[in-house]
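The values are calculated or read from the model by the stated rules, or taken from the named source; none is laboratory data. From a predicted model like this one, the values you see are computed outputs, not experimental measurements. Cβ: placed from backbone, ideal geometry, glycine included. Neighbour counts: every protein chain shown. Accessible surface is based on the protein model in full, side chains and every heavy atom, while ligands, DNA and RNA are left aside. Shrake-Rupley method; radii C 1.70, N 1.55, O 1.52, S 1.80 Å.
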Amino acid sequence: MLIVCFGQGLGNQMFQYAFYLALKKAYPACTVLMDVDHIIEKDHNGYELDRVFGIETNEARYQDVVKLSGIYPKEFPHGKIMNKLMKMAGAFTGPRTSYIKPDDTCLFYREVFELNPLYSYLFDGRWTDERYFADVSEQVQKAFTFKNELNDRNRKYLQQIQSVNSVSLHIRRGDFAQNGFYLLPQSYYMDALEVVKKKNPDVELFVFTDEPEKVEKEFQFEDKYTIIEGNGGKDSYVDMQLMAACKHNIIANSTFSFWGAFLNDNKEKIVVAPSRFNHKHEAGFYCRDWEILDIEKYIEE
């Protein structure tokens, strides 16, 4: 039995599901399950894969989650006390071999596909390297099909995006500033735009951001642009859907905008991404055939 933990925001949950599909292919004789309630905290709008993509939840039992991880769910009676006791015991016995959590969630650990299929494991992480799901990329694309109808405002945005040589530009600020993550400056986006314009000089920008008023005040774009507004709360995923409809993509150090670019099915697309997520990680969220800009040049500004 293999269990994949799901949590944090939508972009992270999508990486976890892609990893889940990869495990199912790599270990066809194993039962692969999902933990959406117990280990990883939920951010933003909670668990969203069912609501956004219609993905069925193949839920693991909490007894199995506890057995493999040694972590009790927060809602479990006396869960905090039990977790402290388990942590103290682990100091003497060492970590459980059945509990797998990568040191750097942005790196690729090939050994997760070389485990003994006769044993059971629980995987706690984000698994954001594209190589984890390279063998099931078509299945991943198909799974992440947006199932809900767009409202009138977003249909107009979609028509506008599809009618021009569109470039999505994602500026992530609000929660990143609160959590101390890198905030990419205007110079990153200007350099990224130049990369796109080398082959596509006549482009129109569609700016996606969680702080439109600050972006409009602080960022200056010479090209024609439209700031996409109105998709907050439970409708935040619509921004990803509209990003994916653009011809090209300039992404932030964000799993959310990674998927907006990954789901873009334009065969001639140009995607520009930063090289790292933040100072704690050695890599970022990108595919190897995308244009990667060294983030070190911009974080010193």
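Observations on the model:
- Residue-level analysis places residue 204 among those that are in contact with a Ser or Thr (Cβ under 6 Å, 6 or more places away or on another chain) and over 24 Å from residue 15 (Cβ atoms).
- Restricting attention to the range 3-15, the residues being among the aliphatic types (A, V, I, L, M) and either surrounded by fewer than 24 Cβ atoms within 10 Å (Cβ to Cβ) or out of contact with any helix residue (DSSP H, G or I) (no Cβ under 7 Å at 6 or more places or on another chain) (or both) number 1.
- The helices (runs of 4 or more DSSP H) found wholly in the range 79-187 and carrying at least 2 residues that are at pLDDT below 95 occupy 79-93, 174-179.
- Selection within the range 47-76 - surrounded by 14 or more Cβ atoms within 10 Å (Cβ to Cβ) and of a type in the set (Gly, Ala, Ser): 60, 69, 70
- Among residues that are polar (S, T, N, Q) and over 30 Å from residue 4 (Cα atoms), residue 168 is included.
- Scanning the range 202-226 for residues that are out of contact with any helix residue (DSSP H, G or I) (no Cβ under 6 Å at 6 or more places or on another chain) and modelled with pLDDT under 85 yields 212, 213, 214, 215, 216, 217, 218, 220, 221, 222, 223.
- Just so you know, in the range 110-166 the residues that are under 14 Å from residue 18 (Cβ atoms) and basic (Lys, Arg) include one that is nearest to the chain's Cα centre (by Cα), and it is 126.
- Extreme residue, farthest from residue 203 (Cα to Cα), among residues of the range 246-288 that are open to solvent by 30 Å² or more (accessible area, probe 1.4 Å) and either outside any loop (DSSP other than H, G, I, E, B) or among the polar types (S, T, N, Q) (or both): 256
- Only one of the listed residues (41, 59, 48) is more than 12 Å from residue 143 (Cβ to Cβ), in contact (Cβ under 8 Å) with a residue 12 or more places away in the chain and touching a helix residue (DSSP H, G or I) at 6+ places or on another chain (Cβ under 9 Å). That residue is 48.
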